[in-house]
Every structure is written in structure tokens, then in C-alpha cells.
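Computed from the coordinates by the stated procedures, all read-outs in this text should not be read as laboratory data. As the structure is a prediction and not an experimental result, all values here were calculated from the model. Counting neighbours? That spans all protein chains shown, and the Cβs are built from the backbone with ideal geometry, glycine included.
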Amino acid sequence: MKHRNFTLAVLAALAAAVGTAPAVAQQPAAPAKAAAPAAAGKELYPKAYFDAMLKDRLAQGQPDTPELRAAIRDELNTRELLVREAKKKGVDKQADVKSQIDLMGQTVLVRAYVADWMKDHPIPDAQLKTEYDKIKAQIGDKEYKVRHILVEKEDEAKEIIAALQKGDKFEKLADRSKDPGSKANGGDLDWNAPGNFVKPFSDAMVKLPKGKFTTQPVQTQFGWHVIQVDDIRDAKVPGFDEVKPQLAQRMQSAQLEAYFKELRSKNGL
């Protein structure tokens, strides 16, 4: 019953999720302080392999220690020995193995290209601010603690309204609701901004004073609603700077998907 479009109620969740964006959308981590090199040993692998694996482990938060470097060296040496044994047996010539190797190589290449593309196509601050203001306007400046009872037919909703007007409790009548998510809680939908609901529902909701219910059934694509507003409060909207990283990630993802679509279209796909 809730509206699926992105609204500023989501921005509140985004604000709590700062720092969860994929690494490709984050600022590069500051270089770690150099650690003492691990004890010298035989190396069967290119130094570039070691550097790449060390960088990956440090990005995961592991400290740069002699023990870490020794563990990486051992892992790379073991890998190389296993690769040699696999090639002796011709495992690398097996069709399914070759396909997996090709796919993994393709994944690495695509990931690197996409990261570069995103760096070259940042979302301008002005565009981010416009989107923020648009979402904020959709929400409005109030939040509503609301209940509803959802039924199949208008006559059922009218019967419920008549019962409410006679003094029956909304919570008790909510047993007749076909919305299982709120039915068990007396029809309670908790606090929400109008933009979280489909328009006929939100339009009726915002017209209700605190403590009142709709005297006419409200129709949406889900059925017929009887709505009651328990309370109203000022909306707590996170500031632009607070949600900017998540908003940028969302908009950049949409921009990237548009690029993929354009690329497929140019190639007749």
C-alpha cells in the first residue's frame, strides 16, 4: 500500500547508512604507513601480485605488519605451486575452466572500467541539490501516525465507518482488515510522511485532524480504506550534506544504468 517511489523518508534511512556505499563510489583510503618488510624468502610470483594483494588486505582494514606480508607471500607461493601442478595435468585446458578464467578476467576489467567511468562522470552538486529539494518537496513538513482498515468492497468500509461513529474502537474493527502487516497491530502503520503512500491515501490522510477518521471510504488500487490519524508532528528531514553521499551514489547508479542501456542500444541489443 505504500508508495514505492524514492521519497525523503528513505533519506532518513540513507542518513543512518552513511559510509555503506560501494568502494567504487568512495574516496580512496589514505595510504597506510609502511610496515617493516617480512623476513626474506623465496618468491615464485611477480611483485605486482604481492602489491595488489597487500593493497586489497589493507583496504579491508588489516594492519600492515610483517606477519601479514609473510602470510601473503606464503599464499602467493602456494598458489603458484598449485597453478603449476594444475597445468601439468592440463586442467587449464579444460573448456569449463577456461570459460571461468575468461569470465573472472572480464569481471576485473569491467570493474576497473566502470570505476574509471564513474570518476569521469561525477554528479554535479547543483544536480544533487535539485534532486534533494524535489524529494523534500514530495514529503512535505509533517509526519503522520496513522491507522487504516483495508477491505475489498466500499459497503464494507461504510459499515466500519458507521461502527466507528457509534463508538466502536478502531483497533477492534481492524480485525476485519485484509492488510496482514497492520491488522495485528490494530491497523497501525506507524509514523510516515505523505509521500510514502499512494496519492488517494495520502490526500485523505493530510486532511484529517489529529484523532479523527475518514467519514467516507478511500479507494486505492489496493481496495477501500478507512483511515485514522492518531498524531501529527513536524518532519525531521536530514540536511543535504548529511545525505549527499548516498544521494550521489543513487543518482550515479541511475546514470550508469542509462549508459549501459545506451551502449546496448548502439550495438543493436
Under 25 °C and 0.890 mPa s, how fast does segment 223-269 diffuse according to Stokes-Einstein, given a Kirkwood radius computed over C-alpha pairs? Answer in µm²/s, whole number. 164
Towards the positive end of the charge dipole of segment 52-206, with charges on Cβ (+1 Lys, Arg; -1 Asp, Glu), say which of PHE201, LEU103, LEU173 has the farthest Cα. LEU103
What residues have an amide H closer than 5 Å to that of PHE197, excluding those fewer than 5 places away on the same chain, when H is modeled at 1.01 Å from N in the peptide plane? HIS3
Across segment 46-180, how large is the tail of the calculated P(r) beyond 22 Å, expressed as a percent of all Cα pairs? 72
Nothing charged except the Cβ atoms of Lys and Arg (+1) and of Asp and Glu (-1): what's the magnitude of the dipole of segment 220-269 about its Cα centre? Round to the nearest 20 debye. 400
Between ARG84 and VAL110, what FRET efficiency follows from the Cβ-Cβ distance if R0 is 30 Å, with the result rounded to 0.05? 0.55
Would you please put 163-174, 258-269 in order of how densely packed they are, using the mean number of other Cβ atoms within 10 angstrom per residue and starting with the highest? 163-174, 258-269
GLU67-ASP92 pseudo-label distance in nm [points 7 Å out on the Cα-to-Cβ vector]: 3.5
What does segment 141-227 give for Rg and for Dmax, in Å, if only its C-alpha atoms count? 11.7, 34
